[in-house]
Amino acid sequence: MNDCIFCRIINGQIPSFKIFEDEHVLAILDIGPLNQGHTLVMPKAHFEFFDECPDGISTKISAAVVKVAKAVKDASGADGYNVLCNNGKAAGQLVGHVHFHIIPRFTGDGVFDRWPAKQYEIGQAEKILEKIKAKL
Ligand code: 5GP
Ligand code: ZN
């Protein structure tokens, strides 16, 4: 995966500010932070979407996100934080190697606010619910 920028960081070909590393997971500072301490947590193996990660990897990523989120929150003095994982271009994913953003947030920081929530019309929730459950 030579054309993947995160694989190159993982392989040490590109420098990064490393926060945490173990056999399966790497956490680094995002080079374009939304606030100071904005962190990326990723598997060392290349997967594009989170749902492509095998259980053994997704659980390790989840545990690392929890551990690093607490450190980022405590170190930055943030009032809160967002955990965000963009999957696919339509969802805003620019780097096709799955990663979780941990974004420290300060009251009124203007980074982003509420998203444009929609409403279900009668019967729609039941329909999509059944479709999703059938795919589990
Ligand atoms: P995405 O939109 O794919 O969820 O976010 C990709 C993130 O990777 C962006 O926030 C961007 O700033 C960050 N990023 C892109 N290239 C590099 C890099 O070379 N090093 C680091 N540390 N972060 C990067
Ligand atoms: Zn990769």
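The values are calculated or read from the model by the stated rules, or taken from the named source; none is laboratory data. Since the structure is predicted, the reported quantities are computational estimates derived from the model, not experimental observations. We place every Cβ from the backbone using ideal geometry, glycine too, and count neighbours over all the protein chains shown. When the accessible area is computed, the model is the full protein with side chains, heavy atoms only, and any ligands, DNA or RNA have been set aside. Shrake-Rupley method; radii C 1.70, N 1.55, O 1.52, S 1.80 Å.
Here are some notes:
- The slack in the chain from GLU21 to THR107, taken as 0.36 nm per residue of separation less the alpha-carbon distance, amounts to 27.9 nm.
- Here the gap between ASP74 and THR59, fully extended at 0.36 nm per residue and compared with their Cα-Cα distance, gives a gain of 3.1 nm.
- Here is the size of the stretch 5-109 from its Cα atoms: Rg then Dmax, 13.1, 38 Å.
- Degrees, to the nearest 10: 55-76 long Cα axis against longest axis of the chain: 70
- For the stretch 33-92, diffusion coefficient by Stokes-Einstein and Kirkwood Rh (Cα), 10 °C, 1.306 mPa s, µm²/s: 124
- Summed over the residues of the chain and divided among them, the accessible surface reaches 69 Å² per residue at a probe radius of 1.4 Å.
- With Cα atoms, 0 to 90° folded angle of helix 124-135 axis to the chain main axis: 60
- Note: relative contact order over the chain, using C-alpha pairs below 8 Å and six or more positions apart, is 23 percent.
- Pairs from LYS18/LYS70; LYS67/LYS133; LYS18/LYS67; LYS18/LYS89; LYS89/LYS135; LYS67/LYS89 whose Cα-Cα separation, in the structure shown, is over 19 Å: LYS67/LYS133; LYS18/LYS89; LYS89/LYS135; LYS67/LYS89
- If the segment from PHE49 to CYS4 were pulled out straight at 0.36 nm per residue, it would be longer than the present Cα-Cα gap by 14.8 nm.
- If you take all other residues with their beta carbon under 14 Å from the beta carbon of CYS53, and give Lys and Arg +1 and Asp and Glu -1, the sum is -2.
- Under a 5 Å amide H cut-off, with hydrogens placed 1.01 Å from N, LEU26 pairs with MET42, LYS44 among residues at least 5 apart or on other chains.
- Whole-percent carbon and sulfur share, accessible surface of the chain, 1.4 Å: 57
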